[in-house]
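Heads up: the structure comes next, in structure tokens.
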Amino acid sequence: MNEFKHFINGAYVGSASGKTFENRCPVDNSLIGLVHEAGLDEVDQAVRAAKSALKGPWGQLSQAQRIELLNSVAERINQRFDEFLEAECRDTGKPYSIASHIDIPRGAANFKAFSETLANHPTEAFRLDTPDQLGAINLGHRTPKGVIAVISPWNLPLLLMTWKVGPALACGNTVVVKPSEETPATTTLLGEVMNECGVPPGVFNVVHGFGPNSAGEFLTTHPLIDAITFTGETRTGEAIMKAAAVGLRNISLECGGKNPGIVFADCDLEKAVEGTMRSAFVNCGQVCLGTERVYVERPVYDAFLKRMKEQVAKLKLGRPEDPAANFGPLVSLEHRNKVKYYYDLAVEEGATVEIGGGIPDMGEELNGGAWIEPTIWTGLADDARVIREEIFGPCCHIRPFDTEEEVIQLANDTEYGLAAAIWTENSSRAIRVAEQIEAGLVWVNSWFLRDLRTAFGGAKQSGIGREGGVHGLEFYTELKNICIKL
Ligand code: NAD
């Protein structure tokens, strides 16, 4: 039987309590293995290991040496690509064809991208005039923040975890990671890579478990944690913010969304359909940046809806290793219950189900899995719960609009503010509308096109803070001003 153990101070350890929970594959609900659940003791050991590693050989490395080490981590992930791919796809059920292009290569790249930013980042310096005419020089000196708690979700497990671990380590911090209870595999495997590359013990630690009254809460409330970076649901973000208030620890929160797609009549319709298809259905709709509300200018509404339905009908559901499959199951049966609840609610709220809406018959071997049909609705009122609440499944609602002012108001009529996609060939309109959208990320004629040097994060209830490029430096380092009187 496979076991997923904690990775503490460079070694794999089980829980002293012997407490474990099952990890099941959402493709067919088969048992992958048992995950050790960390208690207070294991979390405490991991945090203390991370704290003392700050003072060990890791703390003595120069920035260039750290960067070299992290580049070797990226290379080693790529060398063990197939193992990471298999582990990720077994945990999530996502097609190999997607994980091999997004999850694993980006998971590795996250260890390199930030190193380059850091290596090229100038030191802030200001010369100050003084009455004695001699002046003073101010230098902005950055030091690591300390021990960073990384709490990550299940939808892009390796990618979203390394998105935080990469910059945290590049800046000289140490980390304790609590991956999602649904997807422990690739984070566990990363421990082996850290050892193989010679990352000193205690720099990268992993504890497994759940949120409340389990590893997540024990970690975020631990007094030796210096900062917490979290990706997940907005309500969990609130709980973490409360935990961080004690001891005034810094937080970075990347939370949920209810992202709009805006299709103007002057767009390239084929590109808009292709991009909206990806943004609503890739990864079975489990992408925080995904589009769940689509607004289409009336002259192209019928044509757009028709093309979307044709494309959804062509999605090929299947096992991760099936090369023809581009659509996997949801992450778990529990999450399917949530998504199916919204599918039923949409009908209750008066939606027309244009396509999908149910649970597909996948045959005897796969029917135990968390499969769900990709779904398009029309006809819902703007205040329907299905329009306002994040579903995080392969579904979207399509609604016509008539004016630019109207669609800006509709797009912004949400408590969330993570991402938006605008489709138009009129570039002044694109900029005018993008500037008025209340979101951290706006794409024009694209979606999920990411330059890792740019800011990433959400407005409103989609998060606090920005990571990525130089913006990550603000969170992962302490900026000290040294004023030198000449
Ligand atoms: P979640 O909030 O349920 O869980 C995320 C992590 O938090 C898990 O590791 C979980 O165990 C832990 N956790 C839960 N309660 C906790 C607590 N009280 N204290 C400490 N840790 C706790 O989210 P999820 O279901 O895993 O992921 C889906 C959500 O993540 C969606 O809302 C999605 O929009 C969001 N998301 C956001 C981004 C982004 O960049 N903004 C990216 C991906 C996913």
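We did not get these values from a lab; they are worked out from the coordinates using the rules stated. Not measured: the values here are computed from a predicted model. Quick reminder, even Gly has a Cβ in these numbers, built from the backbone with ideal geometry, and neighbours come from all protein chains shown.
This model, with +1 at the C-beta of Lys and Arg and -1 at the C-beta of Asp and Glu, gives the chain a dipole about its Cα centre of some 1340 debye. Between T352 and E83, the simple spin-label model (points 7 angstrom out along Cα→Cβ) gives 5.4 nm. In this calculation the C-beta distance from A313 to T378 is compared with R0 = 22 Å, giving a FRET efficiency of 0.85. For W443, the residues 5 or more places off, or on other chains, whose built amide H falls under 5 Å of its own are A420, A421, I422. Of the residues L54, G247, Y301, the one whose Cα sits farthest toward the positive end of the charge dipole of the chain, with +1 on the Cβ of Lys and Arg and -1 on the Cβ of Asp and Glu, is L54.
Considered as an equivalent ellipsoid built on the Cα gyration tensor, the chain has semi-axes of 38, 30, 19 Å, the largest given first.
Each part reduced to its alpha carbon centroid, segment 360-389 and segment 107-179 end up 40 Å apart.
Measuring between alpha carbons in the structure, the pairs from K5/K316; K258/K306; K19/K242; K178/K338; K164/K314 lying more than 30 angstrom apart are K5/K316; K164/K314.
Ranked from largest, the principal axis spans of the Cα set of segment 259-451 equal 53, 36, 30 Å.
Could you sort the peptides 442-455, 73-86, 412-425 by per-residue average Cβ neighbour count (10 Å cutoff), highest mean leading?
412-425, 73-86, 442-455
Counting Lys and Arg as +1 and Asp and Glu as -1 over every other residue whose Cβ lies under 12 Å from the Cβ of G363, the net charge comes to -3.
Within the same chain, aspartates and glutamates fewer than 8 places from K460 are excluded, and of the rest, those with a Cα less than 15 Å from its Cα are E233, E238, E254, E389, E390, D413, E415, E438. Taken as Cα centroids, segment 1-59 and segment 310-343 sit 30 Å apart, rounded to the nearest whole angstrom.
For E334 and I484, what does the FRET efficiency come to when R0 = 45 Å and r is the distance between their Cβ atoms, rounded to the nearest 0.05?
Step by step, r from the Cβ atoms, then E = 0.20.
Relative to one another, the C-alpha centroids of segment 81-96 and segment 185-215 are positioned 18 Å apart. Here's the list of aspartates and glutamates a cross-link from K55 could span, going by alpha-carbon distance under 19 Å and ignoring same-chain residues fewer than 8 apart: D44, D226, E478. Charge dipole of segment 259-451 (Cα centre as origin; +1 on each Lys and Arg Cβ, -1 on each Asp and Glu Cβ, all else neutral): 400 debye, rounded to the nearest 20.
Give me the extension gain from K306 to L134: residue separation times 0.36 nm, minus the current Cα-Cα distance, reported in nm with one decimal.
54.6 nm
Coupling constants for segment 81-98 follow from the phi torsions by the Karplus curve (6.51 cos²θ - 1.76 cosθ + 1.60, θ = phi - 60°), and in residue order they are 3, 5, 5, 5, 4, 5, 5, 5, 6, 5, 5, 9, x, 6, x, 3, 4, 8 Hz; glycine and proline get x.
Ranked by the mean number of other Cβ atoms within 10 Å of their residues, highest first, the peptides 297-305, 433-441, 367-375 fall in the order 367-375, 433-441, 297-305.
Which percent, nearest 5, of DSSP beta bridges in segment 259-451 are antiparallel?
Approximately 10 percent, going by the DSSP bridge assignments.
The residue list A149, G328, Y342 was ranked by how far each Cα lies along the charge dipole of the chain toward its positive end, using unit charges on Cβ atoms, and A149 comes out on top. Hey, for a label at R298 modelled as a point 7 Å past Cα toward Cβ, could you say which residues of segment 377-421 have their backbone N under 18 Å away? Residues 379-382, 398-411 qualify, since their backbone N sits under 18 Å from the label point.
Computed over neighbours whose Cβ is under 13 Å from that of T229, the net charge equals +1, Lys and Arg +1, Asp and Glu -1. Between the listed residues V206, V177, T220, the Cα displaced farthest toward the positive end of the dipole of segment 141-261, a dipole computed from Cβ unit charges relative to the Cα centre, is found at T220. The amide H of N9, built 1.01 Å from its N in the peptide plane, has G202 as neighbours under 5 Å, considering only residues 5 or more places off or on other chains. Of all beta bridges that DSSP places with both ends in the chain, some 40 percent have antiparallel geometry. Each Cα pair under 8 Å and six or more residues apart adds its sequence gap; the mean of these over the residue count of segment 259-451 is a relative contact order of 30 percent. Residues in segment 473-480 carry Karplus couplings, in order, of 4, 4, 7, 8, 10, 9, 9, 10 Hz; the curve used is 6.51 cos²θ - 1.76 cosθ + 1.60 with θ = phi - 60°, and Gly or Pro positions show x.
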